[in-house]
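Q: First the structure, which I've put down as structure tokens, then a few questions once you've had a look.
The values are calculated or read from the model by the stated rules, or taken from the named source; none is laboratory data. Since the structure is predicted, the reported quantities are computational estimates derived from the model, not experimental observations. Ideal geometry is used to build each Cβ from the backbone, glycine not excepted, and the neighbour counts take in all protein chains shown.
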Amino acid sequence: MMRRILLTLATLCSMLVAIPATQAHAAATISEVTGVHQLVNAQYNDCLTVVGGSSVNSNPIWHHPCDQSPLAWTQWIIDYEATVTFCFASQGNTCVDRRTRNIYRLRSNHTGKCIEPHNGATNSGARIDQYDCRMDTYRQSWIIVEAQGGGYFFYNAKVYDEAHKERGIDAAPYEQDRQVRIWTANQTPPQIWYLR
């Protein structure tokens, strides 16, 4: 009898190991994030900004002090795109970790262009630029997740899909020219953005 109980416990424990861990943070609801917003960084209290208000493709995005009366190049339109199931991890040809996420597009209210990692890069540290909006790629798609204590993380869907990593919009230190980049998720204030 005792042996049967131990076998049952061992079987249950092995099943628990196979269950993927849930995310510590909840996905944002569509209604709370869509619309026109300023994205204000938790670390610097700066706004996500189109450098110089330029409409040129590959123009960098940075964090800059927010203006009292919001200018169009500090405002972003967040559009819901779709709900997508990603294979976050696989063993051979079998997906072992499926994750369903809402994806969103961030467009400048000033230029109408979308933000993406430079040249579609997936590496941590890649700067974020604006580019003509395209529907054929995840490089301009973002997964928005609530941060514990308020604000949101913005993870790039292309990185999520191809590199199986969470890399979010990160406000680099002032010494790095206020550049905004994607960076491996670390749940720190430079990666938390408030919607205003």
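Q: Every residue in region 35-83 that is surrounded by fewer than 19 Cβ atoms within 10 Å (Cβ to Cβ), within 17 Å of the chain's Cα centre (by Cα) and within 23 Å of His118 (Cβ to Cβ), please.
A: Matches in region 35-83: Gln43, Ile77, Asp79, Glu81.
Q: I'd like to check something: does region 100-116 contain any residue that is over 11 Å from the mean Cα position of the chain (by Cα) and among the small types (Gly, Ala, Ser)?
A: yes
Q: Something else now. Would you be able to tell me the number of residues in region 138-159 that are among the charged types (D, E, K, R) and closer than 11 Å to Glu116 by Cβ?
A: 2
Q: I've got another one for you. Quickly run through region 148-160 and pick out the residues that are surrounded by fewer than 20 Cβ atoms within 10 Å (Cβ to Cβ) and either of a type in the set (A, V, I, L, M) or in contact (Cβ under 8 Å) with a residue 40 or more places away in the chain (or both).
A: As a first pass, look at region 148-160 and keep what is surrounded by fewer than 20 Cβ atoms within 10 Å (Cβ to Cβ): 148-151.
Those that are surrounded by fewer than 20 Cβ atoms within 10 Å (Cβ to Cβ) and either of a type in the set (A, V, I, L, M) or in contact (Cβ under 8 Å) with a residue 40 or more places away in the chain (or both): Gln148, Gly150, Gly151.
Q: While we're looking at this one, here's another question. Looking at region 57-91, which of its residues are in contact (Cβ under 8 Å) with a residue 60 or more places away in the chain and either β-branched (Val, Ile, Thr) or within 17 Å of Arg127 (Cα to Cα) (or both)?
A: Asn57, Ser58, Asn59, Pro60, Ile61, Trp62, His63, His64, Ile78, Val84
Q: Among all residue pairs at least 6 apart or on different chains, which show Cβ distances below 7 Å where the first residue, located in region 112-131, is on the phi > 0 side of the Ramachandran plot and without any contact (Cβ under 8 Å) to a residue 60 or more places away in the chain and the second is among the polar types (S, T, N, Q) and buried (at least 22 other Cβ atoms within 10 Å of the Cβ)?
A: none
Q: Moving on. For region 106-130, which positions are buried (at least 21 other Cβ atoms within 10 Å of the Cβ), in a strand (DSSP E or B) and touching a Cys at 6+ places or on another chain (Cβ under 9 Å)?
A: Leu106, Ser108, Cys114, Gln130, listed by residue number.
Q: Moving on to the next point. Can you tell me which residues in region 167-186 are modelled with pLDDT under 95 and outside any strand (DSSP E or B)? Outline the logic, then answer.
A: Of the residues in region 167-186, the ones modelled with pLDDT under 95 are 172-179.
Hits for region 167-186 are Ala172, Pro173, Tyr174, Glu175, Gln176, Asp177, Arg178.
Q: Please go through region 187-196 and give me each residue that is crowded, with 18+ Cβ neighbours inside 10 Å and in a helix (DSSP H, G or I), ordered by number.
A: Pro190, Gln191, listed by residue number.
Q: Just give me the residues in region 1-53 being part of a loop (DSSP other than H, G, I, E, B) and either under 27 Å from Ser108 (Cβ atoms) or at pLDDT 95 or above (or both), in sequence order.
A: First pass over region 1-53, keeping only residues part of a loop (DSSP other than H, G, I, E, B): 1, 19-26, 28-29, 34, 38, 42-45.
Hits for region 1-53 are His25, Ala28, Thr29, Thr34, Gln38, Ala42, Gln43, Tyr44, Asn45.
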